[in-house]
């Protein structure tokens with residue numbers, strides 16, 4: 001089963017939230033795991049932080065291409081999904097977000113600042129990936 005927002009090889013979810021990250025592959029959209037998608041989470045949430053579009057634009061504009069490519073991998077997607085679910089679409093927790101605090105003060109948060117206040121370098125995301133060793137053919 002594919003995502004109901006994945007229509008005619010376009011993603012209706014991106015039309016609803018155009019500032020979301022560009023994903024490197026449609027594999028998740030075409031799978032039974034489509035509910036693990038960040039865009040699906042945001043579009044189907046009953047609450048979105050008032051800064052969701054602001055953060056989305058900054059990520060789309062400033063996120064290194066290597067990280068965008070890593071969003072095709074479950075381990076990286078899970079990190080972003082966790083923070084999005086815990087803060088961005090949480091009516092209770094969104095005001096505890098480090099990015100929310102800075103944006104409320106009129107400041108632009110650094111791209112590497114996560115909602116819990118931690119910072120990570122793109123190399124850190126690369127190193128968190130599972131090492132997959134393919135046997136020789």
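The values are calculated or read from the model by the stated rules, or taken from the named source; none is laboratory data. Everything quoted here is computed from the prediction, not taken from an experiment. Neighbour counts are summed over all protein chains in view; Cβ atoms, including those assigned to glycine, are modelled from backbone coordinates with ideal geometry.
Counting just the residues of segment 38-64 that are touching a helix residue (DSSP H, G or I) at 6+ places or on another chain (Cβ under 8 Å) and within 18 Å of residue 1 (Cα to Cα), which one comes out modelled with the highest pLDDT? This residue is 41. Note on segment 65-78: residues that are in contact with a helix residue (DSSP H, G or I) (Cβ under 6 Å, 6 or more places away or on another chain) and outside any helix (DSSP H, G or I) total 1.
Answer yes or no as to whether residue 67 is crowded, with 16+ Cβ neighbours inside 10 Å and modelled with pLDDT under 95.
On the way: crowded, with 16+ Cβ neighbours inside 10 Å: yes; modelled with pLDDT under 95: yes.
Taking the combined requirement at face value, the residue satisfies it.
Between residues in segment 69-97 that are on the phi < 0 side of the Ramachandran plot and residues that are surrounded by fewer than 14 Cβ atoms within 10 Å (Cβ to Cβ) and assigned to a helix (DSSP H, G or I), which pairs lie under 8 Å by C-beta distance while being six or more apart or on different chains? Hits for this filter: 70/126; 75/128; 76/128; 79/128.
Remark: residue 18 matches the filter, which requires a residue to be closer than 25 Å to residue 95 by Cα, at pLDDT below 90 and surrounded by fewer than 14 Cβ atoms within 10 Å (Cβ to Cβ).
Can we say residue 29 is touching a strand residue (DSSP E or B) at 6+ places or on another chain (Cβ under 6 Å), modelled with pLDDT of 80 or more, surrounded by 13 or more Cβ atoms within 10 Å (Cβ to Cβ) and assigned to a loop (DSSP other than H, G, I, E, B)? Yes.
The set of residues in segment 79-137 that are assigned to a helix (DSSP H, G or I), modelled with pLDDT under 90 and under 14 Å from residue 58 (Cβ atoms) contains only 80. Exactly one residue out of 24, 64 is under 25 Å from residue 103 (Cα atoms) and in contact (Cβ under 8 Å) with a residue 40 or more places away in the chain, and it is 64.
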